[in-house]
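Working notes, structure below.
What follows is calculated from the coordinates using simple rules that are stated; it is not laboratory data. Since we're looking at a predicted model, the values are computed, not measured. Methodologically, a virtual Cβ is constructed for each residue, glycine included, from the backbone with ideal geometry; neighbour enumeration extends over all protein chains shown.
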Amino acid sequence: MECTMQGVIETQHVEALETLLNGLCAVPKERVRVHEFFLKSGPNLGSVSSELQLLCDIGQSTPSWIVRHIGGVMRGPGADQLSVVVRTMVQSSISKNALRFFYYLGYKLEYETLKTGFAFNFQRGSAKISITVITVNKIPKLHAIDEAVPVTPGMQLVQVTAPATADNYGEVAASITSFCDHLSPLLYLSKPSNTTGIVPTAEATAASLMSNTGMKTF
Amino acid sequence: MATVKIVINKIRQSKNREGAESGAMPVKWLLHWKNISNLDKKMAEDILSEMLKSIERMYAVKEGPWKNTLSFFHPNLKDLKKPTVCASECLGLSLYEDPEKFFFVLFPPKLVVEVDSNYSLLMNHLGSYKKGNFIHFEGTRYRCGDFRLRLGFASSVSLRIKAVFMEIEYLPISSIKTAEPIMEGFISLLKLLMSQTGIPGNFVCHDPKYAEFELPDQYSSMHTALQYSYLMTQLI
């Protein structure tokens, strides 16, 4: 399973966010360039339909593939009190013929996206946190990633996730929440279903951050 | 015995010519003992015992046990009568040599896929395919000069399968094409030794036609998974 939070930020403030994350995370930034395929099981396959994501990391010299299934969200009074979503997530690396494999198993391609941006992966307490700041691009023609266009021009998606277990999700959720508090003047992170938009203080915070680094935002 | 020593020496000389290829897996061939009549437990044990005697004549040294498992996955259909576009069967293999990985074989359409060993958990979550029967391939490993031999039974209670087979691994070479004459020489020697036992039947080796599955000449666990899948088709 995993704990996750999500938010959005205007592209003009991404540089300031990167500056802030550089200081908070103390690890090198990693480039993200991922071609994602969203597949759904065909009719009659499985007692309930299932969805999976195939992620091809095209930022590497040799692209690597991952298959991921995001399952149900934890519910109940305990889960409601958390600021993060706790959900089942299973993933596995897979060989490059993954897409053909799932087609033959009876899965259909629903849509595909290209996600570009950067990520910081770091340890905070018992949580192995990953924060990604990405532009989500839709792909108008089958596999034509060169023709990808942003889904929300001028806005970028920020996702914070960390793997967790049934034993430690409370601790992991606390680590994520504590980390996200540091970002709150710049962006508001919440459960993916509650994404609230940009924060009023973003512009002033970004300006302050950039002036501290000797750079300006416009 | 003199013939045996000559062949083994020849194989050892070929190792010196080729040299080991670091970072790649040694080539393997999988054979099974094809008998005219149906194989019962007693007969299978007799064949295995004679195989063991034959490789002992080649100074094979026992190394330890090993086990591979082949599982059958079938689509979990909501309505069995309703036609559904999906593979009717998918073979899954866990290999002793590569415990971190799991392999799927589909034929048709001739596809071998490598995933992490936790993939079965993902399969359970998806719920689109369910695990059915399985076949265990298990036995004992032996080292014989530059060769590693795995002798054992293929068995499945549910499928009523009992077969004797041997996996031959030539440790210095990872190119399938380069290893071919050496493998053929070794198998000829094995066949010669087994022919002297009077056991009915003979070794059968299947060509899985790796190129049709887009597998390269450099040997990998995906090749092993395919060989076991082919062997399974011969047993059922």
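General observations
- Applying a DSSP loop filter and a limit of 10 other Cβ atoms within 10 Å to the trypsin sites (Lys or Arg not before Pro) in the stretch B:128-204 leaves B:Arg160.
- Pairs of lysines in the stretch A:2-212 whose Cα atoms sit within less than 18 Å of one another amount to 9, provided the residues are eight or more positions apart or on different chains.
- For the segment A:45-52, counting C-beta atoms of other chains within 10 Å of every residue's C-beta and taking the mean gives 5.
- At least 18 Å along the helix axis (C-alpha) and Kyte average at least 0.0, DSSP helices within chain B: B:176-195, B:221-235
- Segments A:43-49, A:8-14 sorted - mean Cβ within 10 Å per residue, highest first: A:8-14, A:43-49
- Area projected by the alpha carbon convex hull of the stretch A:2-212, averaged over all directions, nm²: 13.1
- Proportion of all alpha-carbon pairs of the stretch B:112-202 beyond 16 Å (%): 72
- The helix-based estimate of mean residue ellipticity at 222 nm for chain A, built from -39,500 (n - 2.57) per DSSP H run of four or more residues and divided by its residue count, is -6500 deg cm²/dmol to the nearest 500.
- Highest GNM mean-square fluctuation among B:Gly152, B:Gly127, B:Gly185, for chain B modelled with Cα contacts below 10 Å: B:Gly127.
- Computed [θ] at 222 nm, helices only, for chain B once each DSSP H run of length n ≥ 4 contributes -39500 (n - 2.57): -10500 deg cm²/dmol
- For the stretch A:120-218, applying the loop criterion from DSSP together with a ceiling of 12 other beta carbons within 10 Å to the trypsin sites (Lys or Arg not before Pro) yields A:Lys141, A:Lys216.
- Residue range of chain B that is longest and free of GluC sites (Glu not before Pro) which are both DSSP loop and sparsely packed (at most 16 other C-beta within 10 Å): B:101-213
- Cβ neighbours within 10 Å from other chains - mean over B:72-78: 4
- Just so you know, the averaged projected area of the alpha carbon convex hull for the stretch A:1-123 sits at 10.1 nm².
- According to the calculation over all Cα-Cα pairs in the protein assembly as shown, the P(r) per 10 Å bin from zero is 4, 17, 22, 20, 15, 12, 7, 3, 1, 0 %.
- Across peptide A:61-71, the mean count of Cβ atoms from other chains lying within 10 Å of each residue's own Cβ comes to 2.
- Proximal lysine pairs, the stretch B:84-236, alpha carbons under 22 Å, eight or more residues apart or interchain: 11
- q = 0.07, 0.11, 0.12, 0.15 Å⁻¹, chain B: log10 I(q)/I(0) [Debye, one scatterer per Cα]: -0.25, -0.60, -0.71, -1.06
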